[in-house]
Structures are given as structure tokens and as C-alpha cells.
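The structure appears below as C-alpha cells.
The values are calculated or read from the model by the stated rules, or taken from the named source; none is laboratory data. All figures in this text were calculated on a predicted structure; none of them were measured in a lab. All Cβ positions, glycine included, derive from the backbone under ideal geometry; neighbour counts span all protein chains shown.
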Amino acid sequence: MIELYYWATPNGHKITIFLEEVGLPYTIIPVNIAAGDQFKPEFLKISPNNRMPAIVDHEPADGGSPISIFESGAILLYLAEKTGKLIPQDLRERTQVLEWLFWQMAGLGPMAGQNHHFSTYAPEKIEYAINRYVNETGRLYAVLNKQLADKEFVAGDYSIADIAAYPWIVPHELQSQNLEDFPHLKRWFETIKARPATIRAYEKAEAFKTEALDPDKLRELLFNQSAKTIQP
């Protein structure tokens with residue numbers, strides 16, 4: 001059984017999509033990031049970076065004690081290796097999947113996240129910052145669109161590379177991106193959106209939406225952290 005520490009965010013969706021795809025039993029433990037659950041001591045033992053998702057695998061492959069994993073990319077890789085699914089065994093195919101997994105973790109996710117922040121949550125609208133991250137998000141969409149020009153999925157067969165990227169494309173309108181500008185990406189996006197596992201994952205997310213909060217409180221919880229948050 002996998003315990004999934006989860007909230008309905010792009011990174012959270014990655015893990016539910018994977019688990020639904022492979023049929024691995026799991027239970028969701030909500031981490032309400034709008035209520036500050038990510039700072040609770042019991043969660044920090046599993047995810048020291050106070051970010052979700054995280055998992056605890058009570059039946060690891062080595063037969064030992066439960067193992068915890070944080071960071072969505074690391075979780076996807078761990079689960080793919082555990083199940084032998086959604087990651088190729090061929091050296092070159094596997095390398096390409098890992099390239100695009102890390103591309104999402106280092107590029108698409110962080111840049112789209114900054115896009116969301118400065119466009120939606122920042123207390124003042126800084127034109128330079130908004131333009132910077134909207135443009136960079138668009139550049140990354142174009143990179144993905146080009147990669148998909150002659151491929152059904154990002155790295156050949158459907159894999160954790162696709163699962164990592166898809167949830168960060170879902171809020172494309174919030175990111176000021178028009179999928180009509182990226183026809184290969186749009187075709188890929190609609191294909192994944194229609195997969196039964198994706199549908200089930202997003203249906204489960206409906207129970208874990210962040211409720212509306214005062215913007216100042218939300219910024220304090222999610223964005224106004226420093227070294228003192230970790231070592232007061």
C-alpha cells in the first residue's frame with residue numbers, strides 16, 4: 001500500500017495520474033497547503049522541504065521497512081521502477097524519458113509556477129516579472145510542441161515524462177498561453193486528458209481543492225517563507 005500525501009496541485013496530480021494508470025493500491029492523506037498542513041512536524045519527517053506530494057511505500061521492493069520519498073520527479077521515478085511500468089528498459093529510450101522528466105522538474109514547473117505567482121498572487125503587478133515568466137512559459141511550450149511534432153508522446157511511448165508535464169499544461173489559460181499556437185502540444189494534451197486514468201485522477205482532486213482565503217494569508221503560507229521558516 002502506498003500512502004500519498006497530497007493536495008490538488010499540478011505536482012499532486014502527477015502522482016495520482018501515475019497510480020491510477022498502473023493500478024497500484026494507494027490511500028490519500030490530505031495535506032491542505034492553505035491551512036499550513038505542510039509545516040506539521042509529522043509531515044516534515046517525510047518531506048523536509050515542506051512541499052507536497054510525498055509518499056510512504058509500506059511494501060518496498062527490498063522487503064525492508066517502509067520508505068518515504070519526497071519531490072514529485074523522484075516519486076514518479078521510484079514508482080516507475082517499483083512497478084516496471086511507464087519507463088523503458090532500453091538504455092536510450094530510458095535516457096530520453098529521464099531527460100524530459102528533468103526538463104519538466106527544472107524548467108516547465110518552476111517557470112510556470114513563477115508565471116502563476118507574478119500574474120495572480122503577487123501583491124503588486126510587476127510588468128517585467130510578468131512578461132519574463134509568461135514569455136519563458138511560452139518558450140517552453142514551444143520546445144514541447146517541437147518535440148511532439150513527430151511523436152505521439154514526449155519520449156516515444158506514454159511514460160512518466162508525459163505524466164510529469166501534463167498537469168502543468170492544464171492551467172494554460174492562467175499562464176496566458178493559447179494551445180492553438182502549439183498544435184502538436186494541443187493534440188498530445190487532448191490525448192492525455194481523455195485517458196481514463198487522467199479522468200479518475202482529476203475526479204479525485206475535486207475533494208481536495210484549496211478553499212478561498214484572504215490573499216494576504218495565502219501569500220504568508222505559500223510564498224512568504226525564508227531561512228527562518230526552516231531554522232527559526
### Query
In this structure, is G107 within 30 Å of I126 (Cβ to Cβ), of a type outside the set (A, V, I, L, M, F, W, C) and assigned by TED's automatic domain parsing to the domain that holds V143?
yes
### Count of residues meeting criterion [of a type in the set (A, V, I, L, M), part of a loop (DSSP other than H, G, I, E, B) and over 15 Å from the mean Cα position of the chain (by Cα)] in the range 163-198
2
#### Entry: Qualifying residue in the range 206-219 (condition: farther than 21 Å from I75 by Cβ, of a type in the set (F, W, Y) and in a helix (DSSP H, G or I))
no
### Task
Exactly one condition in (1) modelled with pLDDT under 95; (2) buried (at least 19 other Cβ atoms within 10 Å of the Cβ) is not met by A34; state its number.
(2)
### Query
Among P60, P41, P25, P48, which is the only one that is over 15 Å from Y202 (Cα atoms), touching a Lys or Arg at 6+ places or on another chain (Cβ under 9 Å) and not hydroxyl-bearing (S, T, Y)?
P60
### Task
For E20, state whether it is at pLDDT 95 or above and either in the same structural domain as F153 (by TED's automatic domain parsing) or at positive phi (or both).
no
#### Entry: Count of the range 86-124 residues which are of a type outside the set (A, V, I, L, M, F, W, C), under 22 Å from Y158 (Cβ atoms) and in a loop (DSSP other than H, G, I, E, B)
3
### Task
Sort through I15, I75, I55 and tell me the only one that's under 20 Å from I199 (Cα atoms), crowded, with 21+ Cβ neighbours inside 10 Å, of a type outside the set (S, T, N, Q) and outside the structural domain of L144 (by TED's automatic domain parsing).
I15
### Query
Looking at F43, is it in the same structural domain as L218 (by TED's automatic domain parsing), farther than 15 Å from E3 by Cα and more than 16 Å from the chain's Cα centre (by Cα)?
no
#### Entry: Hits in the range 111-167 (condition: basic (K, R) and modelled with pLDDT of 95 or more)
R132, R139, K146, K151
## Note on the structure
Within the range 39-76, the count of residues that are among the β-branched types (V, I, T), under 21 Å from A8 (Cα atoms) and without any contact (Cβ under 8 Å) to a residue 40 or more places away in the chain comes to 1
### Query
Taking the range 136-185 as the region of interest, how many residues are closer than 21 Å to E99 by Cα and not hydrophobic (A, V, I, L, M, F, W, C)?
19
